[in-house]
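The values are calculated or read from the model by the stated rules, or taken from the named source; none is laboratory data. What you are looking at is a predicted structure, and each value in this text was computed from that prediction instead of being measured. Note: ideal-geometry Cβ built from the backbone for every residue, glycine included; neighbour counts use all protein chains shown.
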Amino acid sequence: MKMKKSTRAIGKEVGKGAEAVLSLQVFSGKKAVCKHRMKKEYRCAALDESIRARRTRNEGKVMREAQSNGVNTPLMLGVDEGGKKIFFTMINGVVLEDKKTVSKKEIQECGVQLGKLHQAGIAHGDFTTSNLMSDGKNVFVIDFGLSEFTKKTEDQATDFLLFYKSVSEEKFKDFLFGYGKIAGERQTKLVLDKMRKILSRGRNA
Ligand SMILES: Nc1ncnc2c1ncn2[C@@H]1O[C@H](COP(=O)(O)OP(=O)(O)O)[C@@H](O)[C@H]1O
Ligand SMILES: [Mg+2]
């Protein structure tokens, strides 16, 4: 995500994901990011409507809960009536996937944020470097469309696994250090063992 301050006009696109287009809009009189889940032509219209609305409402609910548990996320502002658009505050940063160098501290911070999410009973569901942003000072978790309220080790291990696949072995160790600071050694080992099991299951399948 590249952007210059001077080009940030209302309507300007600030990001694009697999599901949604994000643009700068006005919400309750203030500049906000609007995440608009776009229609998928390959899905039947009624199903498409309900999936988009469900994910948008879910995203709002989880983002609020995460934030009230001390997780760094954009500040959730509201969901539009039709349920396809969600509004939150802008993060002046870049997704870690697009950063040339990601520091050890930033990677550890990813672990801290995931530790907080899991402690709050939330599994992110798509915990990759494309859904983590850094503004140079803090790391923020974004994109809660697939998140769930769950404390199941299996769901937590899925978050580990997606992150594991998106970074190097060395970075994954730094991530584990951050996670351990919040979740403790026992919980970290539990989730890690489960992740290894899932990995080996995949190899033997
Ligand atoms: N609060 C935000 N502030 C600035 N940019 C954002 C914000 N949220 C998302 N983005 C940008 O938009 C992109 C897509 O957002 P995301 O929520 O991941 O959509 P999708 O669900 O389609 O993957 C992100 O990768 C990021 O570049
Ligand atoms: Mg995304």
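Before moving on, here are some points about what is shown:
- Failed condition for I182, given (1) part of a helix (DSSP H, G or I); (2) over 14 Å from V112 (Cα atoms): (2)
- Of the residues making up segment 81-112, those that are more than 16 Å from ligand 1 (Cβ to nearest atom) and part of a loop (DSSP other than H, G, I, E, B) are E81, G82, T101, S103.
- Scanning segment 5-17 for residues that are at pLDDT 90 or above and within 13 Å of ligand 1 (Cβ to nearest atom) turns up K12, E13, V14, G15, K16, G17.
Here is a yes/no grid of residues against (1) of a type outside the set (F, W, Y); (2) under 20 Å from K35 (Cβ atoms); (3) surrounded by 14 or more Cβ atoms within 10 Å (Cβ to Cβ):
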| residue | (1), (2), (3) |
| --- | --- |
| S50 | yes, yes, no |
| Q67 | yes, yes, yes |
| N72 | yes, yes, yes |
| V94 | yes, yes, yes |
| E109 | yes, no, yes |
| G115 | yes, no, yes |
| L132 | yes, yes, yes |
| K137 | yes, no, no |
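- Flag for V141 being closer than 22 Å to G93 by Cα and either modelled with pLDDT under 95 or surrounded by fewer than 23 Cβ atoms within 10 Å (Cβ to Cβ) (or both): no
- If you go through segment 74-121 and keep only what is more than 16 Å from ligand 2 (Cβ to nearest atom), β-branched (V, I, T) and either in contact (Cβ under 8 Å) with a residue 40 or more places away in the chain or touching a Lys or Arg at 6+ places or on another chain (Cβ under 8 Å) (or both), you end up with V79, T89, V102, I107, V112.
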